[in-house]
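Peer 1: Structure provided below as structure tokens; questions to follow.
The values are calculated or read from the model by the stated rules, or taken from the named source; none is laboratory data. Since the structure is predicted, the reported quantities are computational estimates derived from the model, not experimental observations. Quick reminder, even Gly has a Cβ in these numbers, built from the backbone with ideal geometry, and neighbours come from all protein chains shown. These area figures cover heavy atoms from the full protein model, side chains too; ligands, DNA and RNA do not enter into them. Shrake-Rupley method; radii C 1.70, N 1.55, O 1.52, S 1.80 Å.
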Amino acid sequence: MKKIFVCTWLATLAVGALVAVPAENARVTTSFDADWRFLKTDAPGAEQSQFDDSEWRKLNLPHDWSIEGPFSETNLTGGAGGFLPSGVGWYRKHFSLPKELPGLRVFVEFDGVMANSDVWVNGFHLGHRPYGYVSFSYELTGHVNFNSDNVIAVRADTSEQPASRWYSGAGIYRHVRLIATDPVHLGHDATFISTPKIGNNGATVHVETRVVNDSQASREISVLATVHGPPHSAPDGSYACSGESRLLSIPAGKSVDVSFNIEIPWKPRPWELEHPELHTALIRIRSSGQTLDEETVSFGVREFHFDADTGFWLNGRNLKIKGVCLHHDGGAFGAAVPLGVWEERLKTLKSLGVNAIRTAHNPPAPEFLDLCDRLGFLVMDEMFDCWTVAKNPYDYHLYFNEWSKTDERSTILRDCNHPGVILYSTGNEIHDTPNAELAKGILQGLVAVAHEADPTRPVTQALFRPNVSHDYDDGLADMLDLIGQNYRENEILAARQQKPTRKIIGTENRHERTVWLALRDNPPYAGQFLWSGIDYLGESRRWPVVAAGSGLLDRTGAPKPMAFERQSWWSDQPMVFITRRIEANTAGPTDPGNEPAEQNVLRRPQVLFPDWTPENPHPHEENVEVYSNCKEVELFLNDKSLGAKVLNADASSRNWRVACVPGTLKAIARNGDQTVATNELRTAGPPAKIVLTANHDRLPLDWNEVAFVRAMVADAHGVLVPSATNLITFKISGPGVIAAVDNADSASQEPFQADERHAFQGKCVAFVKANAASGKIILMASAPGLESGSIILKALPPAAPR
């Protein structure tokens, strides 16, 4: 990632506020998220400075207005967009710049605007970007006033629908920054750090960047880079080393590319999945003893490669990529997702054994990749869901020829310093491929762009029915550095057997055991990405369903029973989990997501229930299914052993037919004579109370910080009542707000921005944020006929940047 060096401002950048210039003209970056005005309709003339926006809604960014609803069967987005609204939204922000600033260059950076955005400053049109998932920057220099009011205006348009196969959101849904630099400055996203040589006694760090001279005179400069390792990286406790380019002369109005190496003289601590150690490089432009510009870039020291015979290698270790596909929405938060939501979700996935993420099917927010770096996730960074052949009337195919290479290049330059990123994907299930010459011409151009922007990473594509479109026969598949295929695991294995030099990976795969065995038992198969990791909004085939339920986790981030089966295959930590199976899984289609509505795998009936409170009150037998990676599991009902079963070589579950008697069902997992994991289910009585729990009780004042407060309808003994559907009302006091509520029910159209929610299978969630830097936040939950629950959270000052 590229972390821009931030100098201290003398005043926050807000409506009418002045921004002070640092003593030395180094880079200055500040958040541009606060104090915007918003209008949810078109407003001709709103790009002009004098336009009256006094009645517009005041808000801070990021902001997704579509998630505010309402849900409606008549919304033009249809089921693909979760039946949520679309249209035109305007944003305007007033700001002032100090009179000392004209000597600097001023830029604004948007991490993402959905979609078809136009940006103006003081009535001057800065540019247009149709793709809502890419980051972009505009220079404001020459178009802004100093020591007086300026207005930046943004129009975002999602009115033409359908335009997406999943929920996309609407508005300025990612962060915005204002940047001021010296006229001699580093190019936008121009710095690339790589580690071409890693040894036992040191490593070589390669630095590439571009210096731009926007001044009126030629300048003599050098570029200095200082690498900082994790604390105590070096034997003597020091962990910094530097290198500098030769002295360069840059004519006025020109730029120059700079590259040089830095030698780390000690064995560096590598970026690993279990210990994701991060280094930083401070890049400075120096001239006559002065720093003109600087930025800090985070990177990892690591080596990876794919092998045709043995799959994936990281730092000399052969391992399987155990990935999941994720769409960009955060459930109740829509597209504007606080990082704390992603952190909770990714940590849960990590606990299940997941080690990789595919950003389906678009570039993610930059801070999402930061988080993957910190938590130790591999990433397939995907670009597009279509090329020139449409999947929807108003999707990206309308803009592909004009914008695809620009969008791909800017994304790769933005993301190339993330150690977790190991793959770029040029597209998902591309419908151009039946026309081989068209598709090969496009793919050749996309692969060339990727290799030019970043020659250190391979390029793949999520091939769709390649035997139908003859991708393995016509040469298209072999244009990829790594061949990726969605589903049909036997086909990709056969393609590799046909040509043993092919390197292969599953880019989208089902949850079934046979799919896992195809990966486990075939060394050339580098990895798989399950569809999907988390339930997501949209991709519904019928009202009233508003979300897709194919995830290991539900929309609130809670694991489903099938997640624990996956954990038993993918995790090394001893575990055991009990569930009831009421029938076999519904057979899924060969290509999920492309089947008729009546066969939609994304809305299959639930067959697993993690409780010992069946709906049937009469004597009967239950099929108890137990997932464990331990050598032996013994099942008990009310302390009576029902027998022990050993680990199955074919990864199948361990099942017992059990007479349903109220009480406690308990599983004890052992390795040898040692008990290493237990799990139990208890029969619930009538609903009696609400029990609240939170993922953490300390809540910094930060847009990214969120507490997940889970409400459970329980009996008098605290056992979950899985049939409870009570309407739970939340009430908050102190320095906090209820940011959203949810219950993971894919067929619920209740609003997310509310203070009440029906329980679904006995549970719902309130997401809480702090709105002050100190104090006690008290959240209460109540429902008629139930004892209320409460929980206390502590508001804290803003934390250090993530």
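Peer 1: Within the stretch 625-646, which residues are of a type in the set (Asp, Glu) and under 11 Å from residue 667 (Cβ atoms)?
Peer 2: Narrowing the stretch 625-646 to residues of a type in the set (Asp, Glu): 625, 632, 634, 639.
Those that are of a type in the set (Asp, Glu) and under 11 Å from residue 667 (Cβ atoms): 625, 632, 634.
Peer 1: When only residues in the stretch 109-145 that are small (Gly, Ala, Ser), closer than 24 Å to residue 212 by Cα and outside any loop (DSSP other than H, G, I, E, B) count, which is least open to solvent (accessible area, probe 1.4 Å)?
Peer 2: Filtering the stretch 109-145 for residues small (Gly, Ala, Ser) gives 112, 115, 117, 123, 127, 132, 135, 137, 142.
Cutting the leftovers down to closer than 24 Å to residue 212 by Cα gives us 127, 135, 137, 142.
From what is left, the residues that are outside any loop (DSSP other than H, G, I, E, B) are 127, 137.
Values: 127: 12, 137: 38 Å².
Per the criteria, the residue is 127.
Peer 1: Shifting gears a bit: Grab the strands (runs of 3 or more DSSP E) fully contained in the stretch 741-802, keeping just those with 3 or more residues being in contact (Cβ under 8 Å) with a residue 60 or more places away in the chain, among the aliphatic types (A, V, I, L, M) and within 18 Å of residue 705 (Cβ to Cβ).
Peer 2: On the way: elements: 756-758, 763-770, 775-782, 789-796.
Correct list: 763-770, 789-796.
Peer 1: Sticking with this one: If we keep just the residues of the stretch 613-665 that are part of a loop (DSSP other than H, G, I, E, B) and aliphatic (A, V, I, L, M), which is nearest to the chain's Cα centre (by Cα)?
Peer 2: My answer is 651.
Peer 1: If I filter the stretch 70-104 down to residues being surrounded by fewer than 17 Cβ atoms within 10 Å (Cβ to Cβ) and among the small types (Gly, Ala, Ser), which single residue comes out as modelled with the highest pLDDT?
Peer 2: 72
Peer 1: I would also like to ask the following. Could you run through the stretch 250-278 and say how many residues are assigned to a loop (DSSP other than H, G, I, E, B), under 28 Å from the mean Cα position of the chain (by Cα) and over 15 Å from residue 227 (Cα atoms)?
Peer 2: So the first thing to find is which residues in the stretch 250-278 are assigned to a loop (DSSP other than H, G, I, E, B), and the list is 251-254, 265-270, 272-275, 277-278.
Next cut, under 28 Å from the mean Cα position of the chain (by Cα) only: 269-270, 272-275, 277-278.
Next, only the ones that are over 15 Å from residue 227 (Cα atoms) stay: 272-275.
Within the stretch 250-278, residues that are assigned to a loop (DSSP other than H, G, I, E, B), under 28 Å from the mean Cα position of the chain (by Cα) and over 15 Å from residue 227 (Cα atoms) number 4.
Peer 1: For residue 263, state whether it is touching a residue at least 12 places away in the same chain (Cβ under 8 Å) and within 30 Å of residue 374 (Cβ to Cβ).
Peer 2: On the way: touching a residue at least 12 places away in the same chain (Cβ under 8 Å): yes; within 30 Å of residue 374 (Cβ to Cβ): yes.
Yes; evaluated as a whole, the condition is true for this residue.
Peer 1: If you don't mind, there's one more thing I want to ask. Of 739, 781, 770, which residue is more than 19 Å from residue 558 (Cα to Cα), touching a Phe, Trp or Tyr at 6+ places or on another chain (Cβ under 7 Å) and of a type in the set (Gly, Ala, Ser)?
Peer 2: On the way: 739 fails: more than 19 Å from residue 558 (Cα to Cα); 770 fails: touching a Phe, Trp or Tyr at 6+ places or on another chain (Cβ under 7 Å).
Exactly one of 739, 781, 770 is more than 19 Å from residue 558 (Cα to Cα), touching a Phe, Trp or Tyr at 6+ places or on another chain (Cβ under 7 Å) and of a type in the set (Gly, Ala, Ser), namely 781.
Peer 1: Within the stretch 514-533, which residues are open to solvent by 10 Å² or more (accessible area, probe 1.4 Å) and either touching a Cys at 6+ places or on another chain (Cβ under 6 Å) or closer than 30 Å to residue 767 by Cα (or both)?
Peer 2: 531
Peer 1: Now for a separate question. Within the stretch 278-334, count every residue that is in contact with a strand residue (DSSP E or B) (Cβ under 8 Å, 6 or more places away or on another chain), among the acidic types (Asp, Glu) and open to solvent by 20 Å² or more (accessible area, probe 1.4 Å).
Peer 2: The number of residues fulfilling the criteria is 2.
Peer 1: With the condition kept exactly as written, say whether any residue in the stretch 325-339 is of a type outside the set (Gly, Ala, Ser) and farther than 23 Å from residue 112 by Cα. First the steps, then the outcome.
Peer 2: Here is the first cut: in the stretch 325-339, the residues of a type outside the set (Gly, Ala, Ser) are 325-329, 333, 337-339.
Narrowing further to those that are farther than 23 Å from residue 112 by Cα: none.
Scanning the stretch 325-339 turns up no residue that is of a type outside the set (Gly, Ala, Ser) and farther than 23 Å from residue 112 by Cα.
Peer 1: Oh, and also: Hey, residue 492 hits all of (1) β-branched (Val, Ile, Thr); (2) under 30 Å from residue 162 (Cα atoms); (3) buried (at least 24 other Cβ atoms within 10 Å of the Cβ) but one; which does it fall short on?
Peer 2: Evaluating residue 492 over (1) β-branched (Val, Ile, Thr); (2) under 30 Å from residue 162 (Cα atoms); (3) buried (at least 24 other Cβ atoms within 10 Å of the Cβ) leaves (2) as the failure.
Peer 1: Could you name every one of the helices (runs of 4 or more DSSP H) located completely within the stretch 406-524 that has at least 2 residues being touching a strand residue (DSSP E or B) at 6+ places or on another chain (Cβ under 7 Å) and more than 27 Å from residue 303 (Cα to Cα)?
Peer 2: Values: elements: 436-453, 466-469, 489-498, 513-520.
Result: 489-498.
Peer 1: Among the charged types (D, E, K, R), in a loop (DSSP other than H, G, I, E, B) and either touching a residue at least 60 places away in the same chain (Cβ under 8 Å) or open to solvent by 10 Å² or more (accessible area, probe 1.4 Å) (or both): does that describe residue 565?
Peer 2: Values: among the charged types (D, E, K, R): yes; in a loop (DSSP other than H, G, I, E, B): no; either touching a residue at least 60 places away in the same chain (Cβ under 8 Å) or open to solvent by 10 Å² or more (accessible area, probe 1.4 Å) (or both): yes.
For residue 565, the condition - among the charged types (D, E, K, R), in a loop (DSSP other than H, G, I, E, B) and either touching a residue at least 60 places away in the same chain (Cβ under 8 Å) or open to solvent by 10 Å² or more (accessible area, probe 1.4 Å) (or both) - is not met.
Peer 1: Further question: Mind listing whichever residues of the stretch 279-311 are at positive phi and part of a loop (DSSP other than H, G, I, E, B)? Break it down stepwise before answering.
Peer 2: Going through the stretch 279-311, the residues at positive phi turn out to be 288-289, 311.
Within the stretch 279-311, 288, 289 meet the criteria.
Peer 1: Among (1) closer than 28 Å to residue 49 by Cβ; (2) surrounded by fewer than 18 Cβ atoms within 10 Å (Cβ to Cβ), where does residue 179 come up short?
Peer 2: Result: residue 179 passes all but (2).
Peer 1: So for the stretch 747-760 (the condition being over 33 Å from the mean Cα position of the chain (by Cα) and modelled with pLDDT of 95 or more), does at least one residue qualify? I'd like the intermediate steps shown before the answer.
Peer 2: Looking only at the stretch 747-760, we keep the residues that are over 33 Å from the mean Cα position of the chain (by Cα), and these are none.
No, there is no match, as no residue in the stretch 747-760 is over 33 Å from the mean Cα position of the chain (by Cα) and modelled with pLDDT of 95 or more.
Peer 1: Now, a different point. Only one of 666, 645 is on the phi < 0 side of the Ramachandran plot and without any contact (Cβ under 8 Å) to a residue 24 or more places away in the chain; which?
Peer 2: Numbers: 666 fails: without any contact (Cβ under 8 Å) to a residue 24 or more places away in the chain.
Just one listed residue meets the conditions, 645.
Peer 1: Of all residues being touching a Ser or Thr at 6+ places or on another chain (Cβ under 9 Å) and either of a type in the set (S, T, N, Q) or assigned to a helix (DSSP H, G or I) (or both) in the stretch 61-87, which is farthest from residue 339 (Cα to Cα)? Just the residue, please.
Peer 2: 75
Peer 1: Next up: Is the stretch 669-683 home to any residue that is of a type in the set (A, V, I, L, M), open to solvent by 30 Å² or more (accessible area, probe 1.4 Å) and in a strand (DSSP E or B)? Before you say what the answer is, go through the steps one by one.
Peer 2: Kept after step one, since they are of a type in the set (A, V, I, L, M), are these residues of the stretch 669-683: 669, 676-677, 681.
From what's left, open to solvent by 30 Å² or more (accessible area, probe 1.4 Å): 676.
Then drop every residue that is not in a strand (DSSP E or B), which leaves 676.
Yes: one or more hits.
Peer 1: When you scan the stretch 531-547, do you find a residue that is modelled with pLDDT of 95 or more and in a helix (DSSP H, G or I), even just one?
Peer 2: There is no residue in the stretch 531-547 that is modelled with pLDDT of 95 or more and in a helix (DSSP H, G or I).
Peer 1: For the stretch 338-393, name all the residues that are aliphatic (A, V, I, L, M), touching an Asp or Glu at 6+ places or on another chain (Cβ under 7 Å) and touching a residue at least 60 places away in the same chain (Cβ under 8 Å).
Peer 2: 339, 360, 365, 369, 371, 383
Peer 1: Every residue in the stretch 31-65 that is closer than 18 Å to residue 365 by Cα and either of a type in the set (Asp, Glu) or crowded, with 17+ Cβ neighbours inside 10 Å (or both), please.
Peer 2: At the first step, the residues of the stretch 31-65 found to be closer than 18 Å to residue 365 by Cα are 31-33, 60-65.
32, 33, 61, 62, 63, 64, 65, listed by residue number.
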